[in-house]
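Remarks on the structure that follows.
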Amino acid sequence: MDGNGRWATGKGRPRWMGHVRGAHTAREVVSYCAQRGVEQLTLYAFSSDNWKRPADEVGFLFDLFASHLERQLAKLLKHGIRLSVIGRRDRLPRALCDAIAAAEARTADGRRMHLRVAVDYSSRAAIHEAFAMAEGRGDALSSPNILPPVDLVLRTGGERRLSDFLLWESAYAELAFLDVNFPDLSTADLDGVFADYAKRERRYGDVPAPANAKVSA
Ligand code: IPE
Ligand code: MG
């Protein structure tokens, strides 16, 4: 979800207004994805590198997230949406951790869509942690911060990079980049991204299906 700050400064407004609008867009994205049948959606809300930002912006983002969590809980329950938060918890404000734990517990039975919000998240840190957990057991990489394989990554805001988001999980993800600041992301934009995704042939290193059939015949 990139481009909140630029959305605001482009209109001569303070950055926090962009985050408020971005949070509104995030709510719309969640409900539209659930409506379109997306089963798993992960929103990158706060990267571990975002701690570099001024403390008042960081504090504002956490307060905004906590207030949305509480206000959206009834809607998540109503629509069968399970909420999980991935990333580190130990550096988050205590009140936010409590709100997260409560929302996770209340929505745990949601089956329609699994919504994950990445907060104080670093994919490289998650991979390190998972390797440390698996060490000596030869297990497949598994930890609460390692997700199932990702089908599609969408980044708004015009940058063409992954910025430490779901690196392991995106090994075969389709990538979409929109030159739209996150607060301006519309359901029509999402329709365009989904339509483009539907056209892509996912071969996972294999050859296209008909050619493969010919070789084995
Ligand atoms: C939102 O956009 C992403 C968050 C970290 C909350 P930004 O805050 O990165 O906005 P830009 O990139 O400065 O425009
Ligand atoms: Mg940004």
Which one of these does residue 23 not meet: (1) under 14 Å from the mean Cα position of the chain (by Cα); (2) open to solvent by 70 Å² or more (accessible area, probe 1.4 Å); (3) of a type outside the set (Val, Ile, Thr)? (2)
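Could you pull out the residue among 204, 197, 172 that is of a type in the set (Phe, Trp, Tyr), within 20 Å of the chain's Cα centre (by Cα) and farther than 24 Å from residue 86 by Cα?
Details: 204 fails: within 20 Å of the chain's Cα centre (by Cα); 172 fails: farther than 24 Å from residue 86 by Cα.
Exactly one of 204, 197, 172 is of a type in the set (Phe, Trp, Tyr), within 20 Å of the chain's Cα centre (by Cα) and farther than 24 Å from residue 86 by Cα, namely 197.
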Name the residues in the range 30-44 that are within 16 Å of ligand 2 (Cβ to nearest atom) and either in contact with a Phe, Trp or Tyr (Cβ under 6 Å, 6 or more places away or on another chain) or open to solvent by 40 Å² or more (accessible area, probe 1.4 Å) (or both), would you? 44
Would you say residue 60 is within 11 Å of ligand 1 (Cβ to nearest atom), in contact (Cβ under 8 Å) with a residue 24 or more places away in the chain and more than 17 Å from the chain's Cα centre (by Cα)? yes
I need the full set of residues from the range 45-71 which are in contact with a His (Cβ under 7 Å, 6 or more places away or on another chain) and within 14 Å of ligand 2 (Cβ to nearest atom), in order please. 61
List every residue pair whose Cβ atoms lie under 6 Å apart, where the two residues are 6 or more positions apart in sequence or sit on different chains, the first residue falls within the range 153-174 and is among the small types (Gly, Ala, Ser), and the second residue, located anywhere, is open to solvent by 50 Å² or more (accessible area, probe 1.4 Å) and part of a loop (DSSP other than H, G, I, E, B). 158/179
Quick check: is even one residue across the range 100-123 within 16 Å of ligand 2 (Cβ to nearest atom), small (Gly, Ala, Ser) and in contact with a strand residue (DSSP E or B) (Cβ under 8 Å, 6 or more places away or on another chain)? yes
Answer yes or no: is there a residue in the range 3-16 that is free of Cβ contacts under 8 Å to residues at least 12 places away in the same chain, buried (at least 16 other Cβ atoms within 10 Å of the Cβ), within 13 Å of residue 60 (Cβ to Cβ) and more than 11 Å from ligand 1 (Cβ to nearest atom). no
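Do we have any residue at all in the range 151-161 that's within 26 Å of residue 97 (Cα to Cα) and modelled with pLDDT of 95 or more?
Here is the first cut: in the range 151-161, the residues within 26 Å of residue 97 (Cα to Cα) are none.
No - not one qualifying residue is present in the range 151-161.
The values are calculated or read from the model by the stated rules, or taken from the named source; none is laboratory data. No experiment lies behind these values; they were computed from the predicted model shown. Every residue, glycine among them, receives a Cβ derived from its backbone with ideal geometry; neighbour counts consider all protein chains shown. The protein model used for the area step is the full one, side chains on, heavy atoms only, and it has no ligands, DNA or RNA in it. Shrake-Rupley method; radii C 1.70, N 1.55, O 1.52, S 1.80 Å.
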